[in-house]
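What follows is a single structure, written as structure tokens, with notes after it.
The values are calculated or read from the model by the stated rules, or taken from the named source; none is laboratory data. Given the structure is predicted, the values throughout are model-derived calculations rather than measurements. Here the Cβ positions follow ideal geometry from the backbone for every residue, glycine too, while neighbour counts run over all protein chains shown.
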Amino acid sequence: MLTAVVSGFVLALLAPWLYRIARGAAGWLLSLLPAALFVYFAAFIPQIASGRTAAASLPWVPALGVNLSFYLDGLSLAFALLITGIGALIIIYAGGYLAGDAHLGRLYAFLLMFMASMLGLVLADNLITLFIFWELTGVSSYLLIGFDHQRDEARAAALQALLVTGLGGLAMLAGFVMLGIAGGSLDLTTLLGRGDAVKSHTLYPAILVLVLLGAFTKSAQFPFHFWLPGAMEAPAPVSAYLHSATMVKAGIYLLARLAPIMGGAELWQYSVTVAGAVTMLVGAAIALAQTDLKRILAFSTVSALGTLTMLIGIGTTPAIIAAMTLLLAHSFYKGALFLASGSLDHETGTREVNELGGLLRAMPVTGAATIAAALSMAGIPPLLGFISKELLYESLLHAPIIEEVLTVAGVLAGVAMAALAGVVAIKPFFGEKTETPKSAHEAPASMLLGPALLATLGLAAGLLPNALGASLVAAAAGAALGAPIEVKLSLWHGFNFVLLLSAATLAAGSAAYLMRRKIYRLGESMQRVSQWGPSRWYRSTLDGVLSIADMQTRVLQSGYMRFYLLIVIAATLGPAGYIFWSRVRPAMPQAPMDLRFYEWLVAAVILGAAIATVKSTSRLTAVATLGVVGFGIALIYILYGAPDLAKTQFAIETLTVVLFVLVLYRLPRFTKYSEKPARMRDLAVALGVGGMMTTLVLAVTAIPRESRLAGYFAEHSVATAKGRNIVNVILVDFRGLDTLGEITVLSVAAIGVFALLRLRSSQQKSDPPGDAQ
Amino acid sequence: MPIRLLLTLPILIPLATAAAMLMAWRVRRLQRAINVAGSTGLLAAAVALFLRVHSDGILAVQMGDWPAPFGITFVADLFSAVMVVLTGLMGLAVSVYSTGSIDVRREAFGYYPLLHILLMGVCGAFLTGDVFNLFVWFEAMLIASFVLMTLGGERAQLEGAVKYVTMNLFSSAIFLAATGLLYGIVGTLNMADAAQQLDAADNPGLITTIALLFLVSFGIKAAVFPLFFWLPASYHTPPVAVTALFSGLLTKVGVYAGVRFLTLIFVQESEFTLKLTLVVAGFTMVTGVLGAAVQTEFRRLLSFHIVSQIGYALMGLGLFTPLALAGSVYFLFHVSVAKSALFLVSGVVYKLRGTYDLKKLGGLMQPAPGLSALFLISAFSLAGIPPLAGFWAKFALVRAGLESAQYGIVAAALGVSILTLFSMTKIWAEVFWKPGDESAQEDVSSFAVPGVEARPHSIRRRMLAPIVLLTAITIILGVAADPFFAIAQRAADQLLDRGQYIRAVLGGGM
């Protein structure tokens, strides 16, 4: 199983290179891997159907409790077969659809990377491993939607899908970690037995909301559905594969997977069922108003995803069986329809249904596949779609909550599906032949295989339902229910209420198809309302965040240094001052200071120079007087017996003054003097800092404590270090490394002065200086 | 190799390299060779040190054999050893890149010696066990970075450098004042000794005040909210190699010092400081990423992201659990590597198209698919996309946050991730995806540097090789994260068990 996942990634890396060698045959060659994987997984059917599971594990990051542990049960097997089977067809199809495209190799690589990620997602036993593959499907989806990256719309749609599903994914990650905390494990197999512990945990509501956010964004549930139609910017095979058959069902997979652990609680039941039902209706309604084939299919996919979510929310055994049957039926018919619509677009140059008509003669195979798939979509016997619809109605009628509402909603959506099936199958292929941008002819074999095979599958599975029902559906539904079940599917359930509903659905659907022009007009008038829909929320949220970002950056990063300094000083004074004043009672100096007159003199010089610095109106004077302050401090060192220190101070002061003069020389002159209030504010800040430092020093010196180092230095200076000047010995021996560092600082400063003097910029940049743009 | 040598080589090698290059002032070709040899040597020494610490535990050396706490002690625990390896790595990447991208005038005025002095200061800061000595290394870093930033004398450079140096001098002043105050209480400058003395001290309020002063000083160096202004104001002005080095190392030293002081010295009554750290972490993430979201200049956008990412590193410190600190250590390493790689990519883009303006750039995907892939990997890692290095770091932090029930900071961390993804894909879409001047194919001749004799092909290789190296590390730290994360966990355990450090320095206690 490990190899099954990893091989896709490896082949993805090789794909561009393989394409360069094999060119036109590359698609057929590359599809061998998914086909082989399909066979590999199909071989598991008997084992899984008999109730056993398979597992494989490889330590990955045990330090963080994340391992490559995979687990195959009915649910993951059903998905794995869809992913690999449809994957093989898609890769072959892509070879025909994008024949001659210079970047086809890249497309293959992304498709294979997606396939491997999706396989990892449905096989993962560890929640974090699942998340990792989940994110990778999102990344491959981003790259695939943006495949045609020259177009603005493709880039915008790629970003939209990435952000919406990415945000949901991150919420889901937090939910997973909390689920791990609540259930005591990150492994699904372990968590399966701890459902009650999870549901009674105080974190449960939060976990539910976070995980649902992930599932709903990925599976395009209302109000996050808007990214999916946008994703139709991708080439047809991508839309068919990611945005209809597999990736968008990852959320459904997750819900089914977690249902035995988290399901059953009222909160789960209501939120999942209602979100699904609303999505089902909204998707169906919007789909009816579309005339672009791909958008029709996209919105009807949204509707189908809603139906699946709703069924999992209902959670009864019939509902889960219905969900799993619909999952298969939908993947077959929608995959076929997407591919066929891609062929139509490819061969005629348009996807607008009103521009297509009477093409059956020109494109017989594509037409036949489309019709068969559409019959399944409409729910007409003997196709699999019919069985799944019967099961759907049956489970809605017996839903434990709001069954009347759900049944009505289900039937309405069914009507819409029937009408839409007419739009995608009858309109393009029957009636009067219309002029299309390109003169239509049948697509190449590579583009026929997929639609034909998928449509045939829908028919075969309908005719022989128990070939499927006995094995796959039962196994998948059993996994989602947490207990093995028996399933018998049949086309004929006798004359009952459900059959009546089906018949009514078809009748209403046909009527709706015939009245479609009215619906389009209604749709146009509804457009003004839908402008205020969720895709608008996305835009305005993004714009809102950006304008807040712009505002705060303008305020914070203003470009004014005095403002920067003010904030930094305030941040220094704030917390430190708060703790100091609230926790320490600063001691006031007790003894009057006995200073000699020349000490007073030095102090006065320093103070005077400091005031002069502040008062001066020229930068140069300020630098000079600041130098005086430094020299004054050096004098204090001399007075207190530290001539070496004083020497260093003199040297540093001199260099600093020179450096500053050079830098300041380049700056514009003072042009504007600060206003009086500003100066008062600065005075207050300065006094605040000075006051705090002074009281801090007084508070520290009030603690009676001798240096623990002085005695050692005095003792060892002569004896061990052979030096009579203790300060000297400290500088060059006890703490010689400090001096090495300071010497380095001095020499670097010297290089800096030299470079500033000699290395004048020859090309003065014309862009505005400073930091605010 | 003797421990004494192992601990001092990370300073001696850059110092000797710089000195040798100063003696070859006029022979630029020789300087370039010494430069690469020196940074290779530094990386080798760093790895040797790391391996020894990994097998033998914390190492300490008393400089000049003066026993602690009277002389200066050099200490290497796993955290500092990892950071020294990071320094060696950044040094090597940037010094190779520089040989292909730095203009002759800067080379002639001591660019390479300055680069190595900077590396020396950074290594010193990571290895010293002495508060005042740390200050000295901070100064060495500051002056070297200041001169590197002004070298070239362009107007924008000088303006940015003034803001840079002013803020950092304020930081130095606060550091020095705090050092004096701490010395007044504990009567020692040795970190381990100070830690022990503080255990016995009974002025918790005063000590917390001093701790906060240190944190402000480190906070300015680390560019946290609301002390980060100098960074976006200056980082986009020097040559991109310099920015890449700064981005990889300077702010990280600030975070390192904060972690060291809060785990070793100021551990008493730290609820307030840790809570404050967490709040600051959240605001740093958010303000930084919002700043980045509105930028349209490649390097400025990345600069704001440096700020944002520092928030994640602090988050682990604020949470103060083993997993959280391990996450911080992993994050620091990852973010330095990924962010520097992105800066280096921006330099190549500039060579190809002559601008950093995202609005003017475009269409680089077709002519430069390799560069595009290199960019995307580091960008996704920064945004925390699995299975790259950044994901594991963020996952550890998020998990630690949820385990400590700190939901606010976790929400901030996740929200900022999506905005990071937004601004990374913005660069991607604008520079690589958007149709641009397609006629301007990737032309090796754009790599030619006027006045430099090397052929364009060789220059291109010198610029791309470091990016490839850093990107490979991002992938390895992601796909094969386990052994590396285990190191981060051990480093975190050492940080939380400060007795080990104190014993290594003072030998059984005094």
Residue ranges of helices (runs of 4 or more DSSP H) in segment A:139-203 with at least 2 members at the interface with chain B (Cβ under 10 Å from one of its Cβ atoms) and closer than 18 Å to A:LEU255 by Cβ: A:152-183
Any residue at all in segment A:60-83 that is within 28 Å of B:PRO483 (Cα to Cα), surrounded by fewer than 18 Cβ atoms within 10 Å (Cβ to Cβ), more than 14 Å from chain B (Cβ to nearest Cβ) and under 30 Å from the mean Cα position of the chain (by Cα)? no
Limited to segment B:103-130, what total is found for residues that are touching a Phe, Trp or Tyr at 6+ places or on another chain (Cβ under 9 Å) and surrounded by 24 or more Cβ atoms within 10 Å (Cβ to Cβ)? 14
I'm trying to understand the selection: among the residues of segment A:39-59, which are in a loop (DSSP other than H, G, I, E, B) and either surrounded by 14 or more Cβ atoms within 10 Å (Cβ to Cβ) or of a type in the set (Asp, Glu) (or both)? A:PHE44, A:THR53
Based on this model, can you work out whether B:THR188 counts as part of a loop (DSSP other than H, G, I, E, B), of a type in the set (S, T, N, Q) and within 30 Å of B:GLY153 (Cβ to Cβ)? no
Some residue of segment B:250-269 being within 27 Å of B:ALA192 (Cβ to Cβ), surrounded by fewer than 24 Cβ atoms within 10 Å (Cβ to Cβ), within 12 Å of chain A (Cβ to nearest Cβ) and of a type outside the set (A, V, I, L, M, F, W, C): yes
Could you give me the residue pairs with C-beta distances under 7 Å whose first residue belongs to segment A:687-707 and is within 9 Å of another protein chain (Cβ to nearest Cβ), whose second residue is part of a loop (DSSP other than H, G, I, E, B) wherever it lies, and which are 6+ apart or on separate chains? A:ALA699/A:VAL584; A:ALA699/A:PRO586; A:ALA699/A:ALA587; A:ILE703/B:ASN203; A:ARG705/B:GLY187; A:GLU706/B:GLY187; A:SER707/B:GLY187
For segment A:194-205, indicate whether the set of residues that are surrounded by fewer than 22 Cβ atoms within 10 Å (Cβ to Cβ), touching a residue at least 60 places away in the same chain (Cβ under 8 Å) and aromatic (Phe, Trp, Tyr) is non-empty. yes
Please verify whether B:LEU477 is more than 14 Å from chain A (Cβ to nearest Cβ) and modelled with pLDDT of 95 or more, treating the condition exactly as stated. no
Which of the numbered conditions does A:GLY358 fail, given that it passes all the others? Conditions: (1) on the phi > 0 side of the Ramachandran plot; (2) part of a helix (DSSP H, G or I). (2)
Evaluate segment B:220-235: report whether one residue or more is surrounded by 24 or more Cβ atoms within 10 Å (Cβ to Cβ) and either over 30 Å from A:LEU546 (Cα atoms) or over 19 Å from the mean Cα position of the chain (by Cα) (or both). no
State whether one or more residues within segment A:535-552 are more than 14 Å from chain B (Cβ to nearest Cβ) and small (Gly, Ala, Ser). yes
Which residue, of A:ALA576, A:ALA504, is more than 30 Å from B:GLY219 (Cα to Cα) and touching a residue at least 60 places away in the same chain (Cβ under 8 Å)? A:ALA504
Suppose we filter B:VAL136, B:VAL131, B:VAL122 for residues that are more than 10 Å from chain A (Cβ to nearest Cβ), over 27 Å from B:THR471 (Cα atoms) and modelled with pLDDT of 95 or more; which single one remains? B:VAL131
Does B:VAL147 satisfy the criteria of being at the interface with chain A (Cβ under 7 Å from one of its Cβ atoms), out of contact with any Asp or Glu (no Cβ under 6 Å at 6 or more places or on another chain) and of a type outside the set (Ser, Thr, Tyr)? yes
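For every residue, the table says whether it meets (1) in a helix (DSSP H, G or I); (2) at pLDDT 80 or above; (3) under 20 Å from B:VAL162 (Cβ atoms).
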site	(1), (2), (3)
A:LEU645	yes, no, no
A:GLN649	yes, yes, no
A:THR656	yes, yes, yes
A:VAL661	yes, yes, yes
A:LYS672	no, no, yes
A:ARG681	yes, yes, no
A:ALA684	yes, yes, no
A:GLY688	yes, yes, no
A:ALA699	yes, yes, no
Check every one of the helices (runs of 4 or more DSSP H) wholly within segment B:12-114 and list those with 1 or more residues that are within 30 Å of B:ILE502 (Cβ to Cβ). B:28-56, B:78-101
Mind checking which residues of segment B:16-33 are aliphatic (A, V, I, L, M) and either at positive phi or buried (at least 23 other Cβ atoms within 10 Å of the Cβ) (or both)? B:ALA18, B:MET21
Qualifying positions in segment B:338-350 - more than 21 Å from B:LEU89 (Cβ to Cβ) and either acidic (Asp, Glu) or surrounded by 21 or more Cβ atoms within 10 Å (Cβ to Cβ) (or both): B:VAL349
Residue that is more than 14 Å from every other protein chain (Cβ to nearest Cβ) and assigned to a helix (DSSP H, G or I), where the choices are A:LEU29, A:LEU13: A:LEU29
Filtering segment A:240-278 down to residues that are closer than 22 Å to A:ALA373 by Cβ, part of a helix (DSSP H, G or I) and not aliphatic (A, V, I, L, M) yields A:TYR241, A:HIS243, A:SER244, A:LYS249
